[in-house]
Amino acid sequence: MYTKNLLAYKHKNNSFKKLITKSANIKIIFFALILMGSFFTISYLNKSTVQAKRNNIVLADFKTDINMLSESANVIEIERRSSNNMQLSMFGADGKLLKVSDVSSGLSNALIKLGDDNVDGMLEDKELSELGIMRLNPQHYRKTLTQLKFNLKSLDRNIKNYVVITKGKYAGTVLYNGSIKFLDDDNKRYFGLELSI
């Protein structure tokens with residue numbers, strides 16, 4: 001009888017230990033899942049924050065470069081007018097009007113805001129020529145940037161990827177015509193001074 005009670009006690013004790021072990025294992029798994037979820041959430045938020053900070057820095061550098069190039073365009077234009085140098089194109093451009101096929105699709109879409117005279121939602125060569133958009137002359141801009149002690153800092157420092165409006169109300173405005181997308185936190189793409197899509 002004593003042996004029987006002892007066996008029953010051991011069986012109950014083993015069952016109780018198994019139940020406690022199962023319960024402990026479930027708690028451990030539950031807490032491990034919570035910890036893993038927290039880790040992945042924190043990692044994602046950190047990555048998003050780092051990416052947002054990087055985007056802000058990249059966009060700030062781009063806007064600074066646009067300002068520097070626009071300032072250079074104005075300096076070149078003042079020098080051109082004061083010296084009556086007719087060999088120098090307006091605002092230091094290369095002198096060749098761009099066609100719609102020469103303009104990146106993003107910039108073309110952004111220019112609709114400025115040049116879509118017939119309000120058809122498309123930019124045509126005639127409308128583009130009325131803005132007088134030309135590529136920058138790298139030689140003139142490098143010289144002026146050096147004189148003004150400006151250094152381009154953005155991801156795209158290739159002056160050939162920038163254009164300038166030479167006619168009308170926006171004359172002297174430098175815009176980006178390259179392939180890099182300069183985006184803000186809201187995924188808004190920038191091309192130059194107050195021109196974005």
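Within the stretch 125-165, the set of residues being farther than 15 Å from V75 by Cβ and in a loop (DSSP other than H, G, I, E, B) comprises G132, N151, L152, K153, S154, L155, D156, R157, N158. Of all residues in the stretch 90-103, those satisfying the criterion of being in contact (Cβ under 8 Å) with a residue 24 or more places away in the chain, open to solvent by 30 Å² or more (accessible area, probe 1.4 Å) and not acidic (D, E) are M90, G95, K96, L97, K99, V100.
Summed over the stretch 162-188, the residues that are under 21 Å from N56 (Cα atoms), touching a strand residue (DSSP E or B) at 6+ places or on another chain (Cβ under 9 Å) and open to solvent by 30 Å² or more (accessible area, probe 1.4 Å) give a count of 3. Of all residues in the stretch 107-146, exactly one satisfies the criterion of being hydroxyl-bearing (S, T, Y), surrounded by 16 or more Cβ atoms within 10 Å (Cβ to Cβ) and either free of Cβ contacts under 8 Å to residues at least 40 places away in the same chain or more than 12 Å from G92 (Cα to Cα) (or both), namely S108.
The values are calculated or read from the model by the stated rules, or taken from the named source; none is laboratory data. Everything quoted here is computed from the prediction, not taken from an experiment. Here Cβ is always computed from backbone atoms with ideal geometry, including for glycine, and neighbour counts include all displayed protein chains. Calculation scope for accessible area: heavy atoms of the full protein, side chains included, ligands and nucleic acids excluded. Shrake-Rupley method; radii C 1.70, N 1.55, O 1.52, S 1.80 Å.
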